Amino acid sequence: MADTKFILVIEDDPILKNLLGHTFAGKYQTLYASEGNEALSFFEQYRPALVLLDLMLPGGVSGFNILEKIRARTDDLKDSPVVIVSNLGQESDKEKARAFGATD
């Protein structure tokens with residue numbers, strides 16, 4: 001597992017989840033999480049090289065919460081690239097994601 005590069009796709013829509021994961025097939029082993037607590041567990045366990053993050057998730061932990069928890073870490077994982085993939089397109093949502101430390 002040390003040589004394996006993981007990408008973590010955090011998305012609750014099954015079609016989008018698979019589409020995003022297949023985009024990186026061959027370069028990364030893809031992990032899929034549909035809700036926040038599962039995503040945080042995978043993040044801790046597998047230390048992904050890239051996170052694709054939806055902002056609207058079921059289960060009470062939003063994408064903003066996940067991003068905030070990643071950036072609040074005190075280890076090197078706090079700098080993991082996190083790309084937001086969301087239907088939220090208002091400028092205020094984009095600004096909030098950037099303020100929380102989204103890579104793109």
**Prompt:** Remind me, relative contact order of the chain in percent, using alpha carbon pairs under 8 angstrom and six or more residues apart?
**Reply:** 25 percent
**Prompt:** What accessible area per residue comes out for the chain, rounded to a whole number of Å², with a 1.4 Å probe?
**Reply:** 58 Å²
**Request:** At 7 Å along the Cα-to-beta-carbon direction for both D79 and H22, put a label point, then send me their distance in nm to one decimal.
**Result:** 3.5 nm
**Calculated [θ] (222 nm, deg cm²/dmol) that DSSP helices of n ≥ 4 give over the chain, each run adding -39,500 (n - 2.57)** = -11000 deg cm²/dmol
**Item:** Non-local Lys pairs in the chain, i.e. 8 or more apart or on different chains, that have alpha carbons under 24 Å apart
**Value:** 15
**Asked** Can you list the HN-Hα couplings for the stretch 42-59, worked out from phi with the Karplus curve (6.51, -1.76, 1.60; θ = phi - 60°), rounded to whole Hz and with x for Gly and Pro?
**Response** 4, 4, 5, 6, 9, 6, x, 7, 8, 10, 9, 10, 7, 8, 9, 10, x, x
**Fill in**
Taking only Cα atoms of the chain, the Rg to Rh ratio with Kirkwood Rh works out at 0.94
**Prompt:** For the pair M56 and Q29, how long in nm is the line joining their label points, each one 7 Å along Cα→Cβ?
**Reply:** 3.3 nm
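The values are calculated or read from the model by the stated rules, or taken from the named source; none is laboratory data. On a predicted model such as this, the values are computed, not experimentally measured, just so you know. Note: ideal-geometry Cβ built from the backbone for every residue, glycine included; neighbour counts use all protein chains shown. Just the protein is used for accessible areas: all its heavy atoms, side chains included, with ligands, DNA and RNA removed. Shrake-Rupley method; radii C 1.70, N 1.55, O 1.52, S 1.80 Å.
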